[in-house]
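The values are calculated or read from the model by the stated rules, or taken from the named source; none is laboratory data. Bear in mind that the values here come from a model prediction, so they are computed numbers and not experimental data. Positions of Cβ are generated from backbone atoms using ideal geometry, with glycine treated the same way; all protein chains shown enter the neighbour counts.
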Amino acid sequence: MAEPGGWPELEAAARERRRELVLPGAAAEARVRAGGGRLPPELLALPLLQALELSGCAALRELGPGLAAALPALHTLVLRGNGLGPAGLGAAGLGGPLPALRVLDLSANGLETLPAALGGDSGGAAPPGGAPDFPQLRSLNLTGNRLRELGPGLARSAPQLQTLLLSGNRLSVLPGGLLPPGASGLLPLLSQLEAADNGLQELGSAIASLPALKILDVSNNELSEIPVELADCPKLKEINLRGNKLKDKRLEKMVNSCQTKSILEYLRVGGRGSGKGKGKTDNSDKEEIRKKKRDKRQKKDSGDGEQDMLEEVNKLMIKILHIAENPAPLVVKVSPNIKEVRPYIVCCVVKGMNLKQGNALKRFLSAQIKLHEDICERRTAATIATHDLQLIKGPLLYDAQPPSELKVTPLGRKEIKAKDLVRQLQLEAEEQRKQKKRQNVSGLHKYLQLLDGKENYPCLVDAEGVVISFPPITNSERTKIRKTTSDLFLEVTSGTSLQICKDIMDTLILKMAELNKFTLENKEEESVSDGESDMTSEPVNANPSQNAEQEQSPLTVEQVRVVDADGNLKVLYPSKTDLTLVSSLLTIIR
C-alpha cells in the first residue's frame, strides 16, 4: 500500500508521459490533507499534461502556487466537488494565465469570489488592449458555489467564453459585473448563460449586449420584472423564467405555458412589468402593435405567414407514458453499496426507434459517442448506456461489487471478471502506445483512469443476475443494440450530480427524436448487415399501413422509477419538470 503522502499515480503519469490524468478523488483525502490541503507538488513536474481532474476531495482547500507556469499545455481542468473555499483560489490560486485552457469546472465548491486571473478583483482583469489570461476558455462551470457577484474583468479575461454556468450561487444581479456599463463587444461568443436558483432580483438591460446568446436560464430566482431589451438578443432560442414572482401576471402565465418565441414577441411590443420606462403602452406603442398585426395578416394572406405554423408542425414530437398508465413498468433498485462509488442514476424506456433502415444504427451509435465526448466530458461527468429492452429482465439492481467478484460480458468480448478485464485493457493500452508511438489511446482504454482508487466497481444487474452495464467502461454484449431493436432501455450514471444525469438524458432523447425523424424522412432502404440478429427482419414495405403508422407516430418515453433498498422513491424520469432543457425543440404529449 502506498504511503499516505505518496502519489503513485503521478509517478506513473510522469513515467508514461501522460497527457490526461484523473486523480482518485475521495480516495486521495488522506494524502491531500497530509499535504496541507493543496494539490501535490509532484503535479508540477508533468509539463505535457493537457487534461486534469481531481473531484470529490473535501480535503482540497487550495491549489497552491505555480500551477499555470508548470502546466502550460493544460486545456481541461476539472475540480468539481472539492473543499475550495473563499481563499482556495486567491491571488496565487491559478498562479497566472493559462493560455491553452478551454474547459474550467469549479462547480460544487465553496467559492465566494473568483480568482484574480478570472477578473475576481480590479487587479485581475486584463486591461483594455492587454492580453487576456484565458484567451481560449470556452466553458466555465461555477455551479453550486457561494458567489455573490462576478468580478469586473471576467469578460476581458475570457473573451472567447461560450458557456457560463452560475446556477446555485448567491447572485443578486445579472449580468452585473460580468458586463460593465458600455460593455459592447465583450463576450461576443457567449451562447449559454445559466443562473438558476440564485437570489436574482434584477435582470439588467445589458443582457442585450450578448449577440450570440441562445440559452438563458434564470429560473427559481426573485425577479419581478423582465427587461424588454431581452427581445433584442438576435439569436435567443430558449428562455427559462419559471419560478419567479413577476408583476406582470400575463407574462408570468406565458412563462409557464408558452414557447420562447411568444415571450419575446410579448416583450418586443412592450409588455407590462417588463422594465423601467417601458412598463406602459402609450398611443404610439398601440399604433405600433396594430401595425405589426396588420403586417402579420398580410404575410399570412400572401403565404409567408404559414412559416410559423410549419415550424410548429415540424417540431419533433414525443409522448410520455406515465407509470400509472403502464401495466408493467420497469423499476431500478439502488443498493446502499453504490453510495460511495457512483451514486446517481436516471433511467427511462424509449419505444418506436427505427434502426433498421440504412445507416440508422450507425448514426445512433455515433451520436452516443459524440455525446460522451462533449456533454459527458469524456465520461468524467456522466456515462450513457443503451440496451435492447427485450433482452432485459426486470426489476434491475444498481449495485457496487468487488472487481474480483464482478463478472461482465463486455461489448465484443467473452464473459470476464472486472479485475481481469481492467488488467487486459491496461496491457492493450500499453501495446497501443508502443505501436502508435504516442501517449493517447482509443476505445475503452482511455476510460480506465476513471476507476483509479475505487475498491468496488459500479454495475447494473437484471433479475437473472446478468450484469448489463459496467459504467463508465462498457455495456454488456447480451443487451447490445441491433438493427432489429425498436424498444430501448436508457441509463445515465454519474458520480457528480443527479441534475447532470437528467440534463444528459434530456439531450439523448432529443437526439433520438432527431435521428428517428431523419431516418423516416429520408426513407433509406432497410439494411440487413448486422449479422444473425437481422435474419428475422421484415422485408421493406411488407406492411405499408404499418410503415405509414410508424411515420406518424412519435417516440414514446416510458417513465422508470429508481427506488432505494426499502422501495422509497429516489428518482422518477421523466417527471413534469424534466425535458425543460430541450422543451423549445420538442412537442411533448403528457
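Worth pointing out:
- For the stretch 51-73, a residue qualifies if it is crowded, with 22+ Cβ neighbours inside 10 Å and more than 23 Å from Leu451 (Cβ to Cβ), and the qualifying residues are Leu63, Leu71.
- Screening the candidates Ser205, Ser262 for the property of being of a type outside the set (A, V, I, L, M, F, W, C), in the same structural domain as Gly168 (by TED's automatic domain parsing) and in contact with a Pro (Cβ under 6 Å, 6 or more places away or on another chain) yields one hit, Ser205.
- Residue in the stretch 174-190 that is under 18 Å from the mean Cα position of the chain (by Cα), in contact (Cβ under 8 Å) with a residue 40 or more places away in the chain and closer than 26 Å to Glu377 by Cα present: no
- Verdict on Thr507 being in a helix (DSSP H, G or I), at negative phi and either at pLDDT 90 or above or in contact with a strand residue (DSSP E or B) (Cβ under 8 Å, 6 or more places away or on another chain) (or both): yes
- Condition check for Leu46: over 27 Å from Asp197 (Cα atoms), out of contact with any Pro (no Cβ under 8 Å at 6 or more places or on another chain) and modelled with pLDDT of 85 or more: yes
- With respect to being within 21 Å of the chain's Cα centre (by Cα) and of a type in the set (Gly, Ala, Ser), Ala381 fits the description.
- Residue within the stretch 368-376 that is of a type in the set (Lys, Arg) and modelled with pLDDT of 90 or more present: yes
- Test for Leu216: is it more than 22 Å from the chain's Cα centre (by Cα) and either more than 18 Å from Asn198 (Cβ to Cβ) or surrounded by 20 or more Cβ atoms within 10 Å (Cβ to Cβ) (or both): no
- Number of the exception - Glu225 against (1) over 20 Å from the mean Cα position of the chain (by Cα); (2) surrounded by fewer than 20 Cβ atoms within 10 Å (Cβ to Cβ): (2)
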